[in-house]
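Written out below as structure tokens is the structure these notes cover.
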Amino acid sequence: MYQFDVSAGSKAELYRDLLAAIDAITTGEADGVANMANVASLLWQYLPDLNWAGFYRNVEGELVLGPFMGKAACIRIPFGKGVCGTAAQSRKTQLVEDVHAFPGHIACDAASRSELVVPVVSGDRVVGVIDLDSPNPGRFDQEDAVGIEAIAKLLTDRVNS
Ligand code: SME
């Protein structure tokens, strides 16, 4: 059993402790699927107000569903499509306060109202994306983006599969 000391204080403290927990559980483990599974679980456990948390992986130029927590989701997303495909193609974080206002948003879970997608980039290759969905409009802010970007950077060489 793993036990992590993740602060319920400020958002900055939460992401600092979450990053430390993710570092501890993924360091030295070469299996990318195992690492993604544990990270999806930690994101789900410690970030409030989510209805989906997980990964899409770049498999031969297409995003394919990876380990996640939440309802069963779309399996394949082309680069450039939806919020995830836009993050993968642009290699830029997508912070969407209202998914209904995002052209081409792919509704995997009708409950989703806001979304944060951060690409995981290794060298010049997009390895995949981290996707967080919330039933609350405007759930994610710049601090969430910075926090998840730090996690994506840490995972660069730990989620290859
Ligand atoms: N909403 C995403 C699809 C993935 S699900 O949210 C899990 C998108 O538009 O890319």
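Observations
- Short-range pairs are left out: with C-alpha atoms under 8 Å and at least six residues apart, the relative contact order of the range 6-71 is 25 percent.
- The Cα atoms of the range 14-148 define a convex hull whose projected area, averaged across directions, is 7.5 nm².
- Nearest-20 debye value, the chain charge dipole, Cβ charges on Lys, Arg, Asp, Glu: 360 debye
- Each of the peptides 125-136, 148-159 was scored by the mean count of other Cβ atoms within 10 Å over its residues; in descending order, highest first, they stand as 125-136, 148-159.
- Extension gain, PHE79-SER10: 0.36 nm per intervening residue step, less the Cα-Cα distance, totals 21.4 nm.
- Under the simplified labelling scheme, the VAL64-GLU29 pair shows an inter-label distance of 2.1 nm, with each label point 7 Å from Cα along Cα→Cβ.
- When HIS100, HIS105 are arranged by Cβ crowding within 10 Å, least crowded first, meaning fewest neighbours, the order is HIS100, HIS105.
No value in this document is a laboratory result; all are computed from the given coordinates. Note that the coordinates shown come from a computational prediction; the quantities given were computed from them, not determined experimentally. Glycine also receives a Cβ, built like all others from the backbone with ideal geometry; neighbour counts cover every protein chain displayed.
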